[in-house]
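Step one of this worksheet: look at the structure below.
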Amino acid sequence: MNTNFKAFLATAVLAITGATAEAAVRPHTKTIVVESPENLPALAQADAEAMYLHDTNDGRTFLYIEAQNGQQLTALDVTDPARIQRTAQTAISATSAFDFVRSVGDDGALIRYRNGSGVALLSLKHYKHPILVNSSALENAETSEALGQTALLVTANEVTMHPFSDPRNYNVVDTSNPAQPGTLAIISAVTQRLSKSDTGTLFLLNKDGVTVVRRLRVEQEHQIELDQQRGN
């Protein structure tokens with residue numbers, strides 16, 4: 001094999017290898033586009049912990065990115081994916097890094113601290129600058145579940161003293177205004193709970209008897225469905 005042919009072969013191999021590598025990381029096709037942090041500065045969020053999407057009432061969508069051990073939230077306007085823009089950055093007084101659990105109403109998000117210290121609410125009413133809400137209704141919260149869009153059922157034991165204790169104490173928390181959550185009821189030492197899914201009803205048993213937690217909207221929707229089935 002002469003020297004000229006070896007040089008030609010080496011050049012061809014390098015060209016093929018380069019083309020293959022370029023094809024492997026090609027960021028778009030005719031139907032798919034991949035936007036990477038190195039290509040779009042707004043997406044470059046070093047050491048990010050978690051993220052959350054929020055739709056506003058005026059048709060916009062914001063992506064919140066948590067960083068700095070829960071102490072910082074960056075808001076990106078992602079309404080138009082072709083024009084993602086960084087809107088604001090807000091410092092919050094979180095006790096640790098956290099995970100977003102679920103939406104609460106139209107303007108709130110429930111978070112859970114990763115250090116095991118419980119849950120809290122983020123008010124997104126002022127979407128550019130979210131506010132961490134301190135509320136006695138969520139103190140010592142261990143677990144939580146949604147009661148529709150306007151309430152939470154929270155187990156509120158002494159988390160650090162008696163983790164996952166049984167029987168459990170339940171708080172029904174009104175979150176219709178995420179900036180000012182309030183306690184509707186405290187049901188202590190619940191030994192059993194049952195649910196009726198079609199009406200969204202909860203039955204909680206303790207030494208005092210049975211507490212019934214009703215969801216009026218679900219009841220109304222169920223009644224409408226029954227009336228339609230009966231031809232009324």
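The values are calculated or read from the model by the stated rules, or taken from the named source; none is laboratory data. Because the structure is predicted, anything quoted here is derived from the model rather than measured. Glycine also receives a Cβ, built like all others from the backbone with ideal geometry; neighbour counts cover every protein chain displayed. The protein model used for the area step is the full one, side chains on, heavy atoms only, and it has no ligands, DNA or RNA in it. Shrake-Rupley method; radii C 1.70, N 1.55, O 1.52, S 1.80 Å.
Laid out as a table, the results:
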{"read-out": "Residue under evaluation Asp106, criteria (1) under 26 Å from Asp174 (Cα atoms); (2) surrounded by fewer than 18 Cβ atoms within 10 Å (Cβ to Cβ); (3) modelled with pLDDT of 90 or more; (4) not aromatic (Phe, Trp, Tyr), criterion not met", "value": "(3)"}
{"read-out": "Residues being without any contact (Cβ under 8 Å) to a residue 24 or more places away in the chain, crowded, with 17+ Cβ neighbours inside 10 Å and touching a Lys or Arg at 6+ places or on another chain (Cβ under 7 Å) - total across the stretch 69-79", "value": "1"}
{"read-out": "Tally of residues being in contact with a Leu (Cβ under 9 Å, 6 or more places away or on another chain), part of a strand (DSSP E or B) and open to solvent by less than 70 Å² (accessible area, probe 1.4 Å) across the stretch 49-68", "value": "9"}
{"read-out": "Among the residues listed as Val213, Val172, Val119, the single one being open to solvent by less than 40 Å² (accessible area, probe 1.4 Å), in contact with a strand residue (DSSP E or B) (Cβ under 7 Å, 6 or more places away or on another chain) and modelled with pLDDT under 85", "value": "Val119"}
{"read-out": "Inter-residue pairs, beta-carbon under 8 Å, first on the phi > 0 side of the Ramachandran plot and in the stretch 41-55, second among the hydrophobic types (A, V, I, L, M, F, W, C) and assigned to a strand (DSSP E or B), 6+ apart", "value": "Asp47/Ala67"}
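Residue-by-condition table, conditions (1) surrounded by fewer than 17 Cβ atoms within 10 Å (Cβ to Cβ); (2) modelled with pLDDT of 80 or more; (3) under 16 Å from the mean Cα position of the chain (by Cα):
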site	(1), (2), (3)
Leu110	no, yes, yes
Arg114	yes, yes, yes
Ser123	no, yes, yes
His129	yes, yes, no
Asn134	yes, no, no
Leu138	no, no, no
Glu142	no, no, no
Gly148	yes, yes, yes
